[in-house]
Amino acid sequence: MNSIENENLILLKLCSLLLSYPTEDWITLTDWRDEIRQLTNPNNRNLLNGFLHYLDKNNLEQLCANYVETFDFSEKSSLHLTYHEYGNGRNRGQALVDLKNQYAKVGYHMMTDELPDYLPLMLEFCAEIGDSAIKNILYPQHSSIAKIHAALTEGNNDYKPLLEVCLAAINESLMPEEANR
């Protein structure tokens with residue numbers, strides 16, 4: 001694995017953490033702040049540092065309220081990716097089952113009550129498994145992630161940089177393979 005591939009996996013892991021519901025535990029952790037400082041891509045580092053600034057200027061209660069307002073009360077920015085394609089229809093149920101089966105196929109057993117299409121869960125999974133998971137699980141959801149990014153851009157939301165970094169990492173992970181087609 002080259003340094004760009006490794007950095008993309010780190011970016012997915014960071015985005016997984018930072019797109020999860022804020023808790024006192026992850027706000028006070030410094031490991032991920034160190035990871036951001038060590039990123040070699042200056043654009044991704046700057047985007048994530050901008051998000052750190054948002055974290056540092058708000059208390060936990062404000063962060064939680066903004067998270068809920070951004071992701072739980074807005075259909076346009078829901079972090080449940082299959083919702084963007086299927087709504088709450090029957091096809092979404094099958095898509096969720098298919099995702100759960102893909103996780104289980106490689107021995108990844110969900111240790112959460114979240115649905116398998118929850119973006120932070122998908123990012124964590126792909127960061128653990130690598131490029132094959134990005135290609136087979138995350139990339140097919142690219143348009144849903146882009147829709148969330150567009151909704152956050154429209155509202156100039158503080159979470160926008162995380163979706164930007166996420167999309168960049170997905171695209172960069174697939175770039176060499178796509179270039180050979």
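What follows is calculated from the coordinates using simple rules that are stated; it is not laboratory data. Please read these numbers as outputs of a predicted model, since none were measured by experiment. Positions of Cβ are backbone-derived with ideal geometry, glycine not excepted, and every protein chain shown enters the neighbour counts.
Qualifying chymotrypsin sites (Phe, Trp or Tyr not before Pro) in segment 1-99, where qualification requires a DSSP coil assignment and no more than 16 other C-beta atoms within 10 Å, comprise PHE73.
Counting other C-beta atoms within 10 Å, which of VAL165, VAL106 has the fewest, and how do the rest follow?
VAL106, VAL165
For segment 118-125, the Karplus equation 6.51 cos²θ - 1.76 cosθ + 1.60, evaluated at θ = phi - 60°, returns couplings of 5, 3, x, 5, 5, 5, 4, 4 Hz by residue, with Gly and Pro reported as x.
I need the shape label for segment 60-111. Rule: rounded when a/c is under 1.5, else prolate if a/b > b/c, else oblate, with a, b, c from the alpha carbon gyration tensor. Judged from the Cα gyration tensor, segment 60-111 comes out oblate (a/c at least 1.5, b/c at or above a/b).
Charge tally around TYR83: other residues with Cβ under 14 Å, Lys/Arg +1 each, Asp/Glu -1 each, net -1. Computed over neighbours whose Cβ is under 12 Å from that of ASN66, the net charge equals -3, Lys and Arg +1, Asp and Glu -1. Per residue, the Cα convex hull of the chain amounts to 128 Å³. Cβ-to-Cβ counts within 10 Å put LYS160, LYS57 in ascending order as LYS57, LYS160, the fewest first.
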